[in-house]
Every structure is written in structure tokens, then in C-alpha cells.
Amino acid sequence: DTSYYSEVPPTIQIKKFSVNRKDTKIKNSIKLKYFQNNVKFSFSGISFINEKEIKYKYILEGYDKKWSPFVKETNVAYNNLRNGKYTFKVLSYNKQGIPAKEPASVFFIILPPFWRTWWFISGASIIITGFLYLFYKLNLKAKIKQEKFIYEYDTSLKFKKEIIPEKDPSFRNVDIASIYLPSSRVGGNFYGYTWVNAKEKIMAIYIGDIEESGLHSIKDLVFLTTLLKVVAKSNGDSNEVLSKFNNILYRKDEKTINVNLSFSIFDITNRIISISNAGLGRPIMKRDDNVFLLNLPGPGLPIGVRKSLSYKNLKIELKKNDFILFFTNGLIKSRNKMNNEYGYERLEKIIQGYNIKKVTSKEIIEIISEDFNNFCSNVEQKEDVTLIALKLL
């Protein structure tokens with residue numbers, strides 16, 4: 001009786017499961033790597049009535065939204081699947097449209113790449129958050145440091161204006177000019193003029209630097225320059241002033257401020273200058289066509305290094321067109337990008353190249369300053385540079 005057999009449902013089985021064209025054993029749970037994302041299923045149904053008339057419906061849960069229409073093909077492929085959980089189900093139907101009692105199924109998981117796993121994302125998030133926090137802290141620290149630097153720089157310049165002369169003195173038959181080139185840190189350079197005896201036209205000329213930079217050094221300079229002016233009025237010669245100044249500043253059991261200083265007493269009326277040196281570069285003089293370094297006697301040590309130093313002096317009777325250049329150590333010790341020092345020789349050549357009779361003191365120091373800036377271009381200037389030029393007319 002054919003009607004009996006027509007009511008018997010067909011069976012269905014999945015015969016083959018291949019991954020990236022390689023057969024894979026069908027298990028209860030299959031785990032695939034992220035690149036094993038091309039799968040193919042082969043299945044077949046068995047019916048007591050004409051097997052050629054069997055039809056199939058299938059679905060890949062996790063990918064398909066609904067069951068497929070009836071098909072007779074027994075192979076289904078899916079390519080480029082994303083990571084996730086999938087269940088492939090297939091049903092067979094006999095000629096009368098009676099389905100199999102249960103679909104055949106295969107469950108499998110395509111794992112994500114490691115960079116998409118929760119542990120990697122969590123770890124990366126923690127690391128990135130840590131880096132962002134570190135960047136924030138470093139940026140905040142740099143900002144605070146920069147603001148502090150700007151504050152100290154601006155404040156230092158403000159204090160510097162109080163200890164640096166607004167203009168150079170002007171006398172008949174004497175041409176004096178100065179220039180101050182601050183470094184990126186506003187160092188400890190200072191210079192100035194003060195009357196030793198205004199009635200007799202005897203003036204002190206000083207130029208120097210302390211071995212510190214920043215706001216603290218500027219506050220020291222205010223004290224030092226005030227003290228130096230007081231000591232300068234003691235009516236001693238230049239060497240005696242330096243010796244007194246050293247004894248006042250030297251402290252055996254305390255931190256001493258070391259000062260490099262060139263101190264001169266200039267008798268304008270008699271055209272005699274007395275020069276003493278304490279750790280500063282030797283001044284350069286030009287007389288007629290000769291340019292030379294002044295050979296200053298004495299210990300030459302900075303102020304405050306040793307107790308009871310007896311400084312010496314060099315007295316020069318100046319004549320018309322004599323030229324003397326005083327400068328701080330930052331000028332000759334500064335280096336260019338080739339790591340070469342500016343040095344005495346370069347400075348002497350510049351002075352030698354000009355006729356002192358035809359140029360002013362201001363013009364000479366401006367020429368030197370321009371040459372110095374060109375020499376040190378693209379290099380951070382770590383030391384202040386100060387020059388004082390003195391010329392007899």
C-alpha cells in the first residue's frame with residue numbers, strides 16, 4: 001500500500017563538513033580560527049519513496065535570517081564568515097512534502113583574532129589609558145615647568161633692568177658703549193658704572209658674571225652690585241677694591257657666591273685706567289695698529305673662591321684713539337654647531353679689521369655682536385654675553 005509509505009518521513013544526515021577546502025571531523029562543538037572562515041556542507045536524505053524527488057531546506061543560524069527555499073542540491077558553501085557562533089541546520093522533504101522529524105545540524109564557533117579578544121582589548125585599553133595618563137602627567141609637568149621658566153625668565157629680565165645701566169655715560173673725549181645679550185636662561189652677567197669720586201671725575205667700570213643662572217642668581221646680583229658700589233667708594237685702587245670685596249663675600253662654612261669680575265678705576269681727567277681681574281677673560285686693547293690681550297697680573301681667581309686674596313692691578317696711561325674691550329666669558333667660550341669656540345683669535349681679527357679712528361665704540365660692539373650671533377646660529381646660547389667698549393677721542 002503506497003499510501004502507507006508516503007506518510008513515512010525521510011531521514012537526513014550531514015555527510016561532510018569542510019573548512020577552507022579541507023575535510024573536518026564533525027563533533028558536538030567545533031572551534032575554528034579566525035582565518036578558517038570558508039565552510040562547506042554536504043548532506044543527503046533517505047526516503048522509501050523515490051529518493052530523486054527529495055528536496056531540502058537549510059539555514060545557517062548566526063548568518064541567515066530565514067530558511068532557504070526548497071533546493072535539490074546537496075552541497076552548500078559559506079565564505080568569509082565573521083567570528084561568532086553558527087549552527088547549520090538542514091531538513092529533507094519527501095515527494096509528499098513530509099519533512100524529516102528533526103534537522104541534521106552542525107554547531108561551530110569561529111574565534112576572533114587575538115586583537116579582537118576581550119582580554120587583548122582590555123589589556124590594550126589599560127595600557128593605552130596608562131600611556132594617556134602618563135602623557136597627561138608629563139605634559140602637565142612640562143607645562144608647569146615651562147610656565148615656571150617663563151615666569152622666572154620675565155622676572156629675571158625685570159630685575160636685570162634694575163642692575164644694568166639704562167644708558168652708557170657720556171664724557172668729552174671719551175666714547176663708552178655696552179651691549180648685553182641674554183641667554184635662553186638669563187644668566188648671571190652684570191655690568192655698570194659708578195662714581196668713585198665725582199668731583200675729580202674718577203669712575204669705576206665693572207663687568208662680570210656669577211656662576212649661576214635663573215631668578216635666584218638675579219636676586220644675588222642685586223645684592224652684589226649694590227655691595228660692589230659701596231666698596232668701590234672706599235677710595236682704594238682697583239685691586240684693593242677686589243680684595244675687600246672678596247673678603248666680604250668669602251664664607252668658610254657657608255655656600256659662597258663665586259663671581260668672575262673685571263674691575264677698573266678710570267681717572268677721566270688724567271686718562272689713567274687701573275684694571276684688576278678676578279676670573280674673567282683678559283680684555284683686548286688696540287693701540288695704533290696693534291691688537292693685543294692685556295697681561296693682567298695677580299691671582300686672577302674668581303671672587304669668593306679663597307680667603308684673603310691679594311689682587312693686583314695694571315695701570316695704563318691712555319692716549320688718543322686707544323681702544324679697550326671688556327667682555328664676559330660667555331663670548332669667547334660659546335660654541336657653534338661644529339663645537340668650535342668663538343675664542344680670542346676671532347675677536348682680535350674683527351678689531352684688527354677696523355680703523356678705530358673711524359668707528360665708534362657702539363659700532364664696534366654691534367659688529368662683534370652680529371658676528372657672534374652668526375657664529376652661534378642654530379645653537380642654544382647657554383651663557384649671557386656682555387661687552388663694554390672704551391675709546392679715547
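The values are calculated or read from the model by the stated rules, or taken from the named source; none is laboratory data. Please read all numbers here as calculations on a predicted model, not as lab measurements. Using ideal geometry, Cβ is built from the backbone for each residue, glycine included, and neighbour counts are taken over all protein chains shown.
Checking region 232-250 against the condition returns no match, with no residue being modelled with pLDDT under 95, aliphatic (A, V, I, L, M) and not in a helix (DSSP H, G or I).
The set of residues from region 251-286 being surrounded by fewer than 19 Cβ atoms within 10 Å (Cβ to Cβ) and either outside any loop (DSSP other than H, G, I, E, B) or small (G, A, S) (or both) comprises D267, I272.
In region 287-393, counting only helices (runs of 4 or more DSSP H) that sit wholly within it, the ones holding 1 or more residues that are at positive phi span 343-352.
Kindly indicate whether L81 is assigned to a strand (DSSP E or B) and among the hydrophobic types (A, V, I, L, M, F, W, C). It is false that L81 is assigned to a strand (DSSP E or B) and among the hydrophobic types (A, V, I, L, M, F, W, C).
Out of all the residues in region 159-175, is one or more of a type in the set (S, T, N, Q), at pLDDT 90 or above and part of a loop (DSSP other than H, G, I, E, B)? Yes. When the criteria are applied in full, K362 meets the requirement of being touching a residue at least 24 places away in the same chain (Cβ under 8 Å), in the same structural domain as Y250 (by TED's automatic domain parsing) and in contact with a strand residue (DSSP E or B) (Cβ under 7 Å, 6 or more places away or on another chain). Can we say N277 is under 39 Å from the mean Cα position of the chain (by Cα), among the polar types (S, T, N, Q) and modelled with pLDDT of 90 or more? The answer is yes for N277. Assessment of region 68-84 against the conditions (farther than 28 Å from P113 by Cβ, basic (K, R), more than 60 Å from the chain's Cα centre (by Cα) and modelled with pLDDT under 95) yields at least one matching residue.
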